[in-house]
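The values are calculated or read from the model by the stated rules, or taken from the named source; none is laboratory data. If you're wondering where the values come from, they're calculated on a predicted model, not measured in any experiment. Cβ atoms come from the backbone with ideal geometry, glycine included; neighbour counts cover every protein chain shown. Accessible surface areas use protein heavy atoms only, side chains included; no ligands, DNA or RNA. Shrake-Rupley method; radii C 1.70, N 1.55, O 1.52, S 1.80 Å.
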Amino acid sequence: MAPPTDEPAVVSYGTRASTTRVVRRGPHLFHWHRTPGGTALKAVGPPPVAVLRLLEGQRAGSAVHFAVPRWGDHVPQHPAPHPRHGRELVYELPDSVSIGWHMLAGAAVPRQYADVMLRVGEATRTLHETRQTRQTRQTRQTQNTRQPHVTHRAQQSEGRRTPGARCRPVPWLGGLRDWLLRRPDALSERLVRRLGGDGWGRLVQWAEDAAAVPGGVVLGTLSPGVIVVDARDRSAHVLVGAEAGHGGPELDVGALAEALSTSVDVARAGAHHGPDELDYPCLWQAFVSGYGPGRPGDVLVRRAAVLRRVHRLRGMSGHIGDNAPLRDLIDRLPELVEQEGGPLIPAHGHGATSWER
């Protein structure tokens, strides 16, 4: 693989948290060079070995492909960093931008990707079902009925029975849980004042509950920004990185709901904000239809979406700083906590303006 600095980029963007530089390698082949920045909250490196082993069995020509990166010049199984590349990850993908980019740029409307999101929902469910256990499902069902959170003793007992329980929570959730418990910075103190002690305490418990759930493999992040479509056959390529790990499937489903809600906000503020351009709820409905009736309970999904929103606030505060969009999201957070994430989930059966606020 040629060093990225020797090739012209067709797309390049970034913040203090990360940069992406896309190089064309063929008519339908692009290398995405991604490098974390100094303010990145995301985990760094290739996916965990357990996730890589699971994804090794993907069938060629699948309608949905979980794309794992190279680590510089190295294959993912041997992620020693190249001296020149440092922590750079390189993905081989069939387009220069994600479907999220296409939609926000006005090159496509959400409904054009409904078929893709349906297949992504099916593939995500299959991934989540891998190595799921009866104990895992029982733990999620217990939390979904609003019972007290799992005690440390119960977690230890569950861990002896369930392999997934021995894994640490996915990085974003583990980092958020620790941040909520420690309240180490100005943003945390600002949110405590905005939410009050009870609201903050609910976030802490939701994060502890979510981190205690043993589970199968989860992507750790799921949004239009990590889905790339091959124009030749409409196959979807979902980027997988170090944020992947083990946990309850509600983490991925909730992350998608929060990301789609954010996409609506961004589109409303941009140049392309007609009814068709704002119809992100159709992508949610396609995804949950593809996922099927076995999707995680609504309470867990909504709480996971709220936790993901707080994670987003941490990222925005770190790499952008205080600005109007951040203040707006902070102002709306008490309502999200009070309603357990309900405003982040689109109403069923409605159209472009149905997203509950």
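In this structure, Ala231 and Asp298 have a Cβ-Cβ separation that, at R0 = 51 Å, corresponds to a calculated FRET efficiency of about 0.90. A simple spin-label model places pseudo-atoms 7 Å from Cα toward Cβ; at Glu56 and Glu7 they are separated by 2.6 nm. Backbone phi angles across region 102-117, fed through the Karplus curve with coefficients 6.51, -1.76 and 1.60 (θ = phi - 60°), yield HN-Hα couplings of 4, 5, 5, 7, x, 7, 7, 10, x, 4, 5, 10, 4, 5, 5, 5 Hz in residue order; Gly and Pro are listed as x. Taking amide H atoms as placed 1.01 Å from N in the peptide plane, the amide H of Thr19 lies under 5 Å from those of Thr35, Gly37, each 5 or more residues away in sequence or on another chain. Maximal additional length on extending the Asp115-Leu181 stretch stands at 19.7 nm, based on 0.36 nm per residue less the C-alpha distance. The calculated FRET efficiency for the pair Ala63 and Ala271, based on their C-beta separation and a Förster distance of 45 Å, comes to about 0.90.
How large is the accessible surface of Asp276 in square angstrom, using a 1.4 angstrom probe and rounding to the nearest 10? Looks like 100 Å² after rounding. With a 1.4 Å probe rolled over the protein heavy atoms of all chains, the accessible area of Ile330, Ile345 falls in the order Ile345, Ile330, largest first. In this simple spin-label approximation, Glu129 and Ala107 carry label points 7 Å from Cα along the Cα→Cβ vector, and these lie 3.5 nm apart. Ordered from highest to lowest accessible area with the whole protein assembly present and a 1.4 Å probe, Arg16, Arg193, Arg312 read as Arg193, Arg16, Arg312. When His33, His28 are compared by accessible area at a 1.4 angstrom probe, the order from most to least is His28, His33. Remark: the Arg190-Leu29 segment gains 53.5 nm on full extension, using 0.36 nm per residue and subtracting the alpha carbon distance. Trp71 contributes about 20 Å² of solvent-accessible surface, heavy atoms of the protein only, 1.4 Å probe.
Measuring with a 1.4 angstrom probe and ignoring ligands and nucleic acids, Asp331 comes out at about 90 Å² accessible.
Taking only C-alpha pairs under 8 Å that are 6+ residues apart, what is the relative contact order of region 176-293 in percent? Worked out over region 176-293, it gives 20 percent.
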